[in-house]
1. Residues SER141, SER119: which one is surrounded by fewer than 17 Cβ atoms within 10 Å (Cβ to Cβ), among the polar types (S, T, N, Q) and outside any loop (DSSP other than H, G, I, E, B)?
2. Sort out which residues of the range 160-178 are assigned to a loop (DSSP other than H, G, I, E, B), closer than 24 Å to PHE42 by Cα and hydrophobic (A, V, I, L, M, F, W, C), and write them in order of number.
3. Being at pLDDT 95 or above, more than 13 Å from the chain's Cα centre (by Cα) and not charged (D, E, K, R) narrows it down to one of VAL174, VAL160, so name that one.
4. So which pairs qualify, if the first residue must be in the range 22-50 and closer than 27 Å to GLY73 by Cα and crowded, with 16+ Cβ neighbours inside 10 Å, the second must be modelled with pLDDT of 95 or more and among the polar types (S, T, N, Q), the Cβ gap must be under 6 Å, and the two must be at least 6 apart or on different chains?
5. Could you tell me whether any residue of the range 51-58 is outside any helix (DSSP H, G or I) and over 16 Å from GLU23 (Cα atoms)?
6. Could you tell me which residue of the range 156-169 is farthest from GLY14 (Cα to Cα), considering only residues that are of a type in the set (A, V, I, L, M) and either free of Cβ contacts under 8 Å to residues at least 12 places away in the same chain or touching a helix residue (DSSP H, G or I) at 6+ places or on another chain (Cβ under 7 Å) (or both)?
7. Is there any pair linking a residue in the range 132-155 that is touching a residue at least 12 places away in the same chain (Cβ under 8 Å) and farther than 13 Å from GLY177 by Cβ to one that is polar (S, T, N, Q) and buried (at least 20 other Cβ atoms within 10 Å of the Cβ), with Cβ under 7 Å and at least six apart or on different chains, and which?
8. Given the options ILE124, ILE91, ILE135, ILE79, name the one that is closer than 20 Å to GLU149 by Cβ, surrounded by 19 or more Cβ atoms within 10 Å (Cβ to Cβ) and of a type in the set (A, V, I, L, M, F, W, C).
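The values are calculated or read from the model by the stated rules, or taken from the named source; none is laboratory data. Since this is a predicted model, take the numbers as computed values, not measurements. Because the Cβ atoms are built from the backbone with ideal geometry, glycine has one as well, and the counts that use them run over all protein chains shown.
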Amino acid sequence: MNQQNESLQWLCTGNVIPACRNEEEFSCALQLQQAPSLIILFGDINSLPELIRRAEEAGKLLLLHLDLVGGIGRDRAGIQYLAKLGLKGLITTKPQLAKMARQEGLRVIQRMFLVDSESLKTGISLLKGFRPDAIEALPASTPASVLAELKAATDVPILVGGLVRSANDVTQAVANGACAVSTSRRDLWNMG
């Protein structure tokens, strides 16, 4: 295990969190013993109950990327609906939805696109007064100095994702200060 702390055990036990783009990847990820959580980047209001049920049966925390699911309102009623379905966690780029999800008892990963110094500054500013369970910074190649600044300003575990293509990318991201890497590359899901 890397430098992550005990409070991150709900999310991962190694360096990689599977991100599933379709049903086939989801079925594969459910079988991974070392992945206590899975991110889903697909689905809609009709398929969610079955995905949640299957994740629960496999003992996995399902983290829904809210911005990518169809048929769910991006408002308080949509968040409440997800909580009533039994969803335990979500990822979003929208801080107001993240706050609502926390109020409903969901685990929240705030996703941030760090493309320049201004986006870092804006991201840090948006998190003042709100502490998600973790932050996912994109891309995974975010420099160590930027991850350190984000961590110092927020004191939240930092994940990275996006443009991960090799085991070396995962190793470098962790070396740069990420607690873990989310990826849809199935060949990397077994990395410790």
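1. SER119
2. Those that are assigned to a loop (DSSP other than H, G, I, E, B), closer than 24 Å to PHE42 by Cα and hydrophobic (A, V, I, L, M, F, W, C): LEU163, VAL164.
3. VAL174
4. These pairs meet every condition: ILE39/SER182; PHE42/ASN22.
5. No, there is no match, as no residue in the range 51-58 is outside any helix (DSSP H, G or I) and over 16 Å from GLU23 (Cα atoms).
6. Checked the range 156-169; the qualifying residue farthest from GLY14 (Cα to Cα) is VAL164.
7. So the pair list comes out as PRO132/GLN110; GLU136/SER182.
8. The conditions single out ILE135.
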